Structure formats: C-alpha cells, structure tokens
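Engineer: Handing you this structure, nothing more for now.
Every number in this text was worked out from the coordinates using simple rules, so none of it is lab data. Predicted model, so just to flag it, every value in this text is computed and none were measured. In this analysis, Cβ positions are derived from the backbone assuming ideal geometry, glycine residues included, and neighbour counts consider all displayed protein chains.
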Amino acid sequence: MEIFTPTLSQLRELEAESVHVMREVAAELERPVLLFSGGKDSIVLLRLAEKAFRPGPFPFPVMHVDTGHNFPEVIEFRDRRVEELGEQLIVASVQESIDSGRAIEQGLSRNRLQTVTLLDAIAEHKFDAAFGGARRDEERARAKERIFSFRDAHGQWDPRAQRPELWNLYNGAIGPGESVRVFPLSNWTELDIWRYIGAEELELPSIYFAHEREVFERDGMLYAVSEWLQPGDGETAFTERVRYRTVGDMTITGAVRSDATDVDAVIAETAATRLTERGATRADDRTSEAAMEDRKREGYF
C-alpha cells in the first residue's frame, strides 16, 4: 500500500525553520530581544514571532536602534505595528549616544554609529541574544555568518571562530559578557520575503511601493531630498516615481525607479533583477568590498 507523505511548500519550510530557531533561542537564552526597524525583513520577523509564541506575549521586547535619520513613513509604521501587537518597544537612540559623547558624528551617515548604540543597549538591558533580519543573499559578509552568530564580551565578531551548525542543532551556550546574534531569515532570499509578505497579507510602509518623491542623483543612486540630505553642486532635485527595496538611514539609502504599486508587481520586479537590494541601494556598502565585514567585526548587526 502506498503511503502518502505530505510535503511543505518552500515558504512553509522556511517558516518552520525560522519558528524553530526563535523557539530555540527562547528556550536556551535568558534575555533575548528582537531588533525591529519597520523594514520588510523585520516585519516578517514579527509575524514569525507571532507564529512561534501566540496567543501568549513575546518572551522578549522589541528594539529599534534609531539613527534619527529615518523615513517618516517607516517610523509611523513602526510605532503603530508594535502598539497593535501590544508588545514593548525599546528605542535605542544614536542621537543620545552622540549627545553623551559615546559616539562622534563623522559625515552625514550615522549608520556606523549604530554599533555603539546597539552594544550599549545590549549591555544596559543585559540582553544575551538579539534577533536580526539579515539574510545570506544580501551581502558576502552576511553569507559567511551562522544562524547563531556569537559575539565576544566586547560585542565583536570573529568570522573564523564560528560554531558548526549541523542538522539544525544550535549551540546557545555563552560565557559571561558574551552574546549571540540570531538570524532566523538567513536561508531566505529577497524573493522569499516578498512571497511570504504576499502569502501572509502583511502590511508594509508605503515607501516599499511605487510613489512620487523628490529625489536627486548622486554616484548613480537616487536619494530622497530631506532635512539631512540636499543636492550638492551640480546636482538637481526632481520628482521621480520610485520605491525602496530596503530602508535605513535616509542619507545612504537609495531608491529605484519603479511602477510596482502592489506586492505581485514587486515580486515580478524582484524576480527579474540581478542586483541585491543592498548592492543597488546602500551607499555604505560601496566604500569597499569588505565594508560590511569590517562593521560586523566591530559589533554591527
């Protein structure tokens, strides 16, 4: 007699793996936190946390490391979404790090300054694990990283000293002062994220879909005109129909020209592209081939 063995779809296999990772962290670590920026990957993380722990509350707070240079649409969405969930939101402020002398502002971008703010917040709240939405397909340094990424007592990462992860077994043992970054979405791609958003009918900030915005072009990228970033000499502001593939510090995050106004259109657009979202729209990753790895060694996400 033939035995029927049900199989999961690719998205449901990814979902099951991520839920398993989140539950492992909750079981093995004492004080986790979920990093939430209001971006698409962290929105998926929130839904996975719901799948893992509802109907009870999350066994961890939600935290945003806030540069202060945010897209207003994203901050509005962040606050509203966390309030809807009834969860605790901690805002770790880069501006406060600057004001206290813990970080020194150099140039327009505050992206690198997030490292100090994150490490200080981890120490202040005694977090021993931090969920992040990084994926291996985004960038080569992230492709090196394990799902459980261990950090020493100074919050630093050594890519040569990572633990093996065989058969979905994760070693969460840490020493005093050490912590672990956990990436439940490591095995997802940008296309997987968008297909899951469609399948789960998740709401996103409006900037992820095509809209008209005042922008200017610099080094082949389209930047939004804002109070922190203005056109320079030889640069002219103009209105363009754009959307954002990733969100972050407005001074380094570029838009892409697009007519995709819904999830299906974005999925089609994403399936056709040959550039990762960070490679196409994040200026801080263009400074050198090792830019991301250098920041991660220092304690970055």
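Engineer: Sticking to Cα atoms, compute the Rg of the stretch 205-285 to one decimal and its Dmax as the biggest Cα-Cα distance, whole number, in Å.
Structural biologist: When restricted to the Cα atoms of the stretch 205-285, Rg and Dmax are 12.3, 39 Å.
Engineer: What's the exposure ranking of Ser149, Ser109, Ser226, going from fewest to most Cβ atoms within 10 Å? Don't jump to the answer; show the numbers that get you there.
Structural biologist: Values: Ser149 23, Ser109 20, Ser226 14.
In order of increasing Cβ crowding within 10 Å: Ser226, Ser109, Ser149.
Engineer: A follow-up question, please. Using 10 Å bins from zero, what percent of all Cα-Cα pairs in the stretch 1-80 falls into each bin?
Structural biologist: 15, 40, 27, 12, 4, 2, 0
Engineer: I would also like to ask the following. Divide, for the stretch 40-134, the radius of gyration over alpha carbons by 2.2 N^0.38 Å, where N is the residue count. Don't skip to the answer; put the middle values down first.
Structural biologist: Working: Rg = 14.3 Å, N = 95, 2.2 N^0.38 = 12.4 Å.
Relative to the rule-of-thumb radius for its length, the stretch 40-134 sits at 1.15.
Engineer: Which log10 I(q)/I(0) values, to two decimals, does the stretch 71-221 give at q = 0.09 Å⁻¹ under the Debye formula with one point per Cα?
Structural biologist: Log-scaled intensity ratios, in q order: -0.40.
Engineer: Something else: For Ile90, list long-range residues whose amide hydrogen, built 1.01 Å from N in the peptide plane, is under 5 Å from its own amide hydrogen.
Structural biologist: Amide H neighbours of Ile90: Val62, Met63, His64.
Engineer: Right, here's the next one. Note the count of lysine pairs whose C-alpha atoms are less than 25 angstrom apart in the chain, limited to pairs 8 or more residues apart or on different chains.
Structural biologist: 5
Engineer: Can you give the calculated 222 nm mean residue ellipticity of the chain, where each DSSP H run of n ≥ 4 adds -39,500 (n - 2.57) and the sum is split over every residue, rounded to the nearest 500 deg cm²/dmol? The partial results should precede the final answer.
Structural biologist: Numbers: 10 runs with 104 residues, N = 301.
Result for the chain: -10500 deg cm²/dmol, rounded to the nearest 500.
Engineer: Let me ask something additional. Could you put Asp219, Asp41, Asp66, Asp79 in order, starting from the residue whose Cβ has the fewest other Cβ atoms within 10 Å? Walk me through the numbers before you get to the answer.
Structural biologist: Details: Asp219 8, Asp41 23, Asp66 19, Asp79 14.
In increasing order of surrounding Cβ atoms, one gets Asp219, Asp79, Asp66, Asp41.
Engineer: Right, another one. What distance in nm lies between label points placed 7 Å from Cα along the C-beta direction at Glu124 and Val91?
Structural biologist: Those two pseudo-labels are separated by 1.3 nm.
Engineer: While we're on this one: Along the three principal axes, how long is the chain when you take its alpha carbons, biggest first, rounded to the nearest angstrom?
Structural biologist: 68, 55, 38
Engineer: Still on this structure: Which residues does a label at Glu178 reach in the stretch 117-134, if reach means a backbone N under 18 Å from a point 7 Å past the Cα toward the Cβ?
Structural biologist: Hits in the stretch 117-134 for Glu178 at 18 Å: 123, 126-131.
Engineer: Right, something else. Test of understanding: ordering Met250, Met221 by Cβ neighbours within 10 Å, fewest first, what list do you get? Walk me through the numbers before you get to the answer.
Structural biologist: Numbers: Met250 23, Met221 18.
With the sparsest Cβ surroundings first, the list reads Met221, Met250.
Engineer: In the stretch 113-227, what percentage of the DSSP-assigned beta bridges are antiparallel, given to the nearest 5?
Structural biologist: On the way: 8 of 11 bridges.
Of all bridge pairs located within the stretch 113-227, approximately 75 percent are antiparallel.
Engineer: Please report the antiparallel percentage of the DSSP beta bridges confined to the chain, to the nearest 5. The partial results should precede the final answer.
Structural biologist: Working: 17 of 30 bridges.
In the chain, approximately 55 percent of DSSP beta bridges are antiparallel ones.
Engineer: Can you give me the relative contact order of the chain as a percent, contacts being Cα pairs under 8 Å and 6 or more apart? Display every interim value, and only then the final one.
Structural biologist: Numbers: 499 pairs, mean separation 59.9, N = 301.
Dividing the mean separation by the residue count of the chain yields 20 percent.
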